[in-house]
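Below is one structure, written out as structure tokens, with a few remarks after it.
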Amino acid sequence: MYEEVFSLIELLREEEDEGLLKELREKLVLLEREADVLTVESLLEGKYDKANAILSIHPGAGGTDSCDWAQILLRMYLHWAEKKGYKTRVVEYMPGEEAGIKTATLIVEGKFSYGYLKEEIGIHRLVRISPFDASHRRHTSFAAVDVIPEIEEDEVEIKEEDLRIDTYRAGGPGGQHVNVTDSAIRITHLPTGIIVQCQDQRSQHQNKVTAMKILKARLYNLRELEKEKEIRERHEKKAKIEWGSQRRSYILHPYRLVKDHRTGIEKSDVEEVFEGEIDDFIKASLRRSLRN
């Protein structure tokens, strides 16, 4: 891209041409975007920043409204991944009783997907007039977003006797076959109580392979969190649980605003954010992490 821009500048020095000038402006815009991407990716130097991401969404307080809010967030991240050119798989999907979802797990495959999405970890809050309230009152809903990296299979060893494996008939995304066969897998890691479910593949074996991959990633993440806790306690610092911290607020009433609480970045076009335009928040968070 740089060579193309340089060549156009050289040609324009020899003669003025509106067509060449227009092309140069377009190339400069693309070059600026490319430079911005490279600048941001230079901040992603963590051990697993280049890895695939495993993103989970769980509704919090707020009943049906929070289940609906969790589904809105799921769509937001799917749109974001599509814009980035990443491949996605919804491997776990449990619908809410009236609307939305009780839980969902999404695998995002692509370079730096974890590096970007780790900045989304935390509590996401929605304020709006509830579509499920006959009195049209304003409701506040919460959903928690957790993101862990996909790790190499040999980084965590799991004993067979520590597992309980169940099969069940799944519903939701993944194809009509999941409604007629017991292909979905639920694995419980007995020592920690961690439960992983997978339902997106056609066969039990495929779902088990994916579920084991997610379980190993969660066990590795748990081990890393325990190490960090030990280090903090050793230095007599108060532990800050990132999972419990508020990430972002999305206000639809009485005004329209999305505000990131860690960086202070605000956007008034809420619908654009819901369509996956969250890179400004992510970039600001990465730059803030570098300063800290």
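FRET efficiency for the pair Leu190 and Thr140, taken as 1/(1 + (r/R0)^6) with r the Cβ-Cβ distance and R0 = 30 Å, rounds to 0.25.
Measuring against 29 Å, Cα to Cα, the residue pairs Lys216/Lys267; Lys83/Lys213; Lys227/Lys259; Lys87/Lys267; Lys47/Lys84; Lys213/Lys259 contain Lys216/Lys267; Lys227/Lys259; Lys213/Lys259 as the ones spanning a longer distance. Extension gain, Lys102 to Gln206, is 35.1 nm, computed as 0.36 nm per intervening residue step minus the present C-alpha separation. Taking label positions 7 Å along the Cα-Cβ direction at both Glu228 and Asp280, the computed distance is 2.8 nm, reported to one decimal. Could you tell me the calculated FRET efficiency between Arg75 and Val127, based on Cβ-Cβ distance and R0 = 22 angstrom, to the nearest 0.05? My answer for the efficiency is 0.75. Between amide H atoms placed 1.01 Å from N, distances below 5 Å from Gly110 occur with Asn52, Ala53, all of them 5 or more places distant or on a separate chain.
No lab work stands behind these numbers, since they all come straight from the coordinates. Everything quoted here is computed from the prediction, not taken from an experiment. Heads up, the Cβs are rebuilt from the backbone with ideal geometry, glycines too, and the neighbour counts pull from every protein chain shown.
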